[in-house]
Amino acid sequence: MQGYIIHTQKVKDEDMIVYLLTSNSLIKCYRFYGARHPSIMQGYKIDFELVESANFLPHLRSVLHLGFSWLILRERLIIWQQFMRLFYAHLKDVENIDEIYFQEIEICAQRLLKQNPKRLIIEAYVRILEHEGRLHDEPTCFVCDEKIEGFISLTRGFLPSHPNCFGNLNLNFEKIQHLFKKKSTILLDDREVNELYSIVLQGF
Ligand SMILES: [Zn+2]
């Protein structure tokens, strides 16, 4: 099986509880420490086996690290780990996991070396919101229920409002419409990308 390590939790000694996102599930498993075992780190993609245990978590075995060349680029890795944290928070209590989360992670992982990681993640976030039926691509303000024109503010889940009604962003409405419809950040400058990325970090 293959999956992404989206969360780890140290337990006694050097053992770990590991949360792996595969294409259709979030697996919580137990990793016994071994000095010669490959390292387990949030964000890594691994090939693995599970050994079922009658009255305990399944054991994580035969781990093979499927590396990406950007993993050595510290700045990218940090952004990547922030992205993983979002998925853990969003999916940790969900029983049946839709394929889209794994697919979006795959898309981002494959493009991360060459593309701007924050832009990639914002675009993935928009696609996931749309898939979940939560993307407001004909935006009305969630506070006053009136149409939005000119400028828009967004909050967690890219919930739209008038800048005067809620939030502290003042983004160009046309550019945000383009992002929501085309799933592309191409019209946004770096300042706008940073502002949107800070919303993304609040979670799905
Ligand atoms: Zn309003």
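The values are calculated or read from the model by the stated rules, or taken from the named source; none is laboratory data. This is a predicted model, so every value here is computed, not measured. Quick reminder, even Gly has a Cβ in these numbers, built from the backbone with ideal geometry, and neighbours come from all protein chains shown. Please note that ligands, DNA and RNA were not included when accessible areas were found on the heavy atoms of the full protein model with its side chains. Shrake-Rupley method; radii C 1.70, N 1.55, O 1.52, S 1.80 Å.
Using the Kirkwood formula on the Cα atoms of segment 2-69, what hydrodynamic radius do you get, in angstrom to one decimal?
The Cα-based Kirkwood calculation yields 12.1 Å.
Which sequence of Asp137, Asp15, Asp93, Asp190 reflects their accessible areas, 1.4 Å probe, from the largest down?
Largest to smallest exposure gives the sequence Asp93, Asp190, Asp137, Asp15.
May I ask you to derive the relative contact order of the chain, considering only C-alpha pairs under 8 Å and at least 6 residues apart, and to give it as an integer percent?
Over the chain, the number comes to 16 percent.
Calculated from DSSP H runs of 4 or more alone, at -39500 (n - 2.57) each and per residue, what is the 222 nm mean residue ellipticity of the chain, nearest 500?
Counting only the DSSP helices, I get -10500 deg cm²/dmol.
Which whole-Hz ³J(HN,Hα) couplings does segment 73-78 yield from phi under the Karplus relation 6.51 cos²θ - 1.76 cosθ + 1.60, θ = phi - 60°, glycine and proline marked x?
Couplings: 8, 3, 4, 5, 4, 5 Hz.
Nearest 20 debye, what's the magnitude of the dipole of segment 72-186 about its Cα centre given +1 on Lys and Arg Cβ and -1 on Asp and Glu Cβ?
Dipole size: approximately 680 debye.
If you place +1 on the Cβ of every Lys and Arg, -1 on the Cβ of every Asp and Glu, and leave all else neutral, what size is the dipole of the chain about its Cα centre, to the nearest 20 Debye?
680 debye
Taking only Cα atoms, what is the 0 to 90° angle, nearest 10, from helix 173-182's long axis to the longest principal axis of the chain?
40 degrees
In whole Hz, with x marking every Gly and Pro, tabulate ³J(HN,Hα) for segment 189-204 from phi via Karplus 6.51 cos²θ - 1.76 cosθ + 1.60, θ = phi - 60°.
Here the 3J(HN,Hα) series is 8, 5, 5, 5, 4, 5, 5, 5, 5, 5, 6, 3, 5, 6, x, 6 Hz.
Note the angle between two axes, namely the Cα long axis of helix 117-131 and the longest principal axis of the Cα atoms of the chain, as a number of degrees from 0 to 90, rounded to the nearest 10.
Roughly 80 degrees, rounded to the nearest 10.
At 1.4 Å probe size, with every protein chain present, just tell me what the per residue accessible area of segment 41-109 comes to in Å².
On a per-residue basis, 55 Å².
Any idea what angle helix 99-111 forms with the longest principal axis of the chain, computed on alpha-carbon atoms, 0 to 90 degrees, nearest 10?
90 degrees
Evaluate the distance, in nm, between pseudo-label points positioned 7 Å from the Cα of His59 and of Glu138 along their respective Cα→Cβ axes.
5.7 nm
Roughly how many Å is it from the Cα centre of segment 144-203 to that of segment 62-122, as a whole number?
Centre-to-centre (Cα) distance: 23 Å.
Lysines near Lys114 by alpha-carbon distance under 22 Å, same-chain residues fewer than 8 away left out - which ones?
Lys45, Lys182, Lys183
If you add up the charges near Tyr30, with Lys and Arg at +1 and Asp and Glu at -1, over every other residue whose beta carbon is less than 14 angstrom from its beta carbon, what do you get?
So the surrounding residues net to 0.
With only alpha-carbon atoms counted, please give the Rg and Dmax of the chain, in Å.
Computed over the Cα atoms of the chain, radius of gyration and Dmax are 19.1, 61 Å.
What's log10 of I(q)/I(0) for segment 128-170 at q = 0.23, 0.27 Å⁻¹, Debye sum over Cα points only, no solvent?
Values returned for q = 0.23, 0.27 Å⁻¹ are -0.70, -0.91.
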